[in-house]
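Remarks on the structure that follows.
Each reported figure results from applying straightforward, stated rules to the coordinates on display, with no laboratory input. Computed from a prediction, not measured in an experiment: that's the story for all the values here. Quick reminder, even Gly has a Cβ in these numbers, built from the backbone with ideal geometry, and neighbours come from all protein chains shown.
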Amino acid sequence: MKLGEFFNIRANSLNSLRLLFATLVIVSHSWPVAGFGQDPQFGDLKLGEFSVAAFFAISGYLITGSRLNNDLVSYFRARALRIYPGFWVCLVITAFVAAPIAGAVRGGWTFEEGFSYLYSNVTLLMRQWTIGGTLDGAPWPDAWDGPLWTLIYEFGCYVLIAALFAVRAFRNRWAVLTVFAALTVLSAAHKLGHFPDNTKAVNALLATYFFAGATVFMFRDRIPASPVVFAGALAIGITATGFGWGAAVAPLPIAFACLWISAQFPRLLVEHIGDGSIDISYGVYVYGWVVQQLVVLAALHELGVWAMVTASIIGTVPLALASWFLVEKPALRFKKTRPPIAARSSAA
C-alpha cells in the first residue's frame with residue numbers, strides 16, 4: 001500500500017502529534033527560560049528545534065494539498081484565518097494581561113509599552129520582544145514570547161508554495177522535489193561552513209522541513225507505507241541527527257515518520273474527544289513561553305526544572321483551550337474550502 005492510500009486526511013492523529021510537539025517545545029524551553037541552561041539536545045537538534053521541524057514537515061504535507069485544491073484567494077484566506085486571529089489575541093493577552101501582572105511585581109509596564117508591543121508585531125514579523133521593564137531580573141529578559149519568531153517563516157512557506165504552483169509548469173512533483181533538493185544542499189552547505197552564519201538565513205532553512213512534507217505529499221502515490229520503510233526512515237533520521245547532520249538529512253525521514261504514525265495510530269489522544277477535531281496545539285505553542293515567564297515570576301522554577309515544566313503545561317492548556325474554542329475555531333467558520341485531495345494522485 002502507498003502512503004496516499006494509507007494516510008486518511010479525515011482519520012489521522014495529526015492533531016495529537018502537533019499537540020505533543022507543542023508540549024515538547026514547552027519542555028525544551030523550560031531550561032533556558034528558567035535559567036537552567038541550554039535546551040536538551042541530541043546531535044545537532046535541540047528538543048525544541050526538532051519539534052518545530054516536525055511542525056513544519058506536517059504543515060508542508062497539508063498545505064501543499066490545500067494549495068492544489070483551492071484557488072489562490074481561498075487558499076490565502078484559509079491560511080490567514082488559521083494563523084492570524086489566534087496570534088493577534090495572544091499579542092493582546094501578553095501586552096495587557098501577562099505583562100501588567102509582571103509589571104505589578106517588577107514595575108516597568110505602561111499602556112504605551114503594551115500598545116507598542118501589539119502594534120509593532122501585528123504583521124507576524126516580530127519587531128518588539130519586550131514590554132518596558134516587565135522582564136527585568138528574569139533569567140530570560142529578552143522576550144515575552146520567544147517561539148513567535150517562527151510564524152513569519154511558516155507564512156513565508158505558504159507564500160513560497162503558492163508562488164511555485166502559480167506557474168502551471170511548476171505545478172508538479174518534480175518542481176517541488178527540485179526546491180526541496182536545493183534547500184537540502186543549502187542545509188548541507190551550512191553544516192560544512194559554506195552558508196552565511198546569519199540568524200535569519202539559518203532560520204529560513206526551516207523551509208527544508210516544509211518542503212520535505214510537500215515532497216512526501218507529491219510522491220504519496222509512490223512512497224510505500226510499510227513498517228519497514230518507517231523503521232528505515234527512523235533509523236536514518238536518528239543516525240544522521242546523532243552525527244550532527246540532522247538538519248540536512250532528517251527532514252524527509254521526519255516528514256514520512258510523522259505521517260506514517262498518524263495513519264497507523266489514527267486515534268491517539270485528542271481524537272477521542274468529541275468529534276476528534278479539537279486542535280489546541282497552536283494555542284499551546286503561542287502561549288507556552290508567556291506562561292513560562294509568569295511561572296518564573298511566581299518563583300515556581302525554584303522547585304526545579306520538572307516543576308517548571310509541569311506548572312508551565314498546566315498553566316498553558318486552559319489558555320490553549322480558550323484560544324481554540326473562542327478564537328481559532330470560530331474564525332475557521334469564515335473559510336470556504338473544498339474537500340482535500342489527499343487520496344488523489346499528484347501531477348506527474
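Taking the listed residues Val202, Val216, Val229, the one that is surrounded by 13 or more Cβ atoms within 10 Å (Cβ to Cβ), touching a Gly at 6+ places or on another chain (Cβ under 9 Å) and β-branched (Val, Ile, Thr) is Val216, with no other qualifying. If you go through segment 122-149 and pick out every residue that is buried (at least 18 other Cβ atoms within 10 Å of the Cβ) and not in a loop (DSSP other than H, G, I, E, B), you end up with 3.
Exactly one residue out of Arg171, Arg106 is basic (Lys, Arg) and closer than 30 Å to Asp71 by Cβ, and it is Arg171.
Scanning segment 107-127 for residues that are under 22 Å from Asn203 (Cα atoms) and of a type in the set (Ser, Thr, Tyr) yields Ser120, Thr123. Residues of segment 285-308 that are of a type in the set (Val, Ile, Thr) and more than 19 Å from the chain's Cα centre (by Cα): Val295, Val296, Val305.
Counting only residues that are among the β-branched types (Val, Ile, Thr) and out of contact with any Ser or Thr (no Cβ under 9 Å at 6 or more places or on another chain), segment 239-270 holds 3 of them.
Pairs meeting the criteria (first residue in segment 198-218 and part of a loop (DSSP other than H, G, I, E, B), second residue small (Gly, Ala, Ser), beta carbons under 7 Å, at least 6 apart or on different chains) are Leu205/Ser187; Leu205/Ala247. Take segment 54-75 and flag every residue that is of a type in the set (A, V, I, L, M, F, W, C) and in contact with a helix residue (DSSP H, G or I) (Cβ under 7 Å, 6 or more places away or on another chain). Of everything in segment 54-75, those that are of a type in the set (A, V, I, L, M, F, W, C) and in contact with a helix residue (DSSP H, G or I) (Cβ under 7 Å, 6 or more places away or on another chain) turn out to be Ala54, Phe55, Phe56, Ala57, Ile58, Ile63, Leu68, Leu72.
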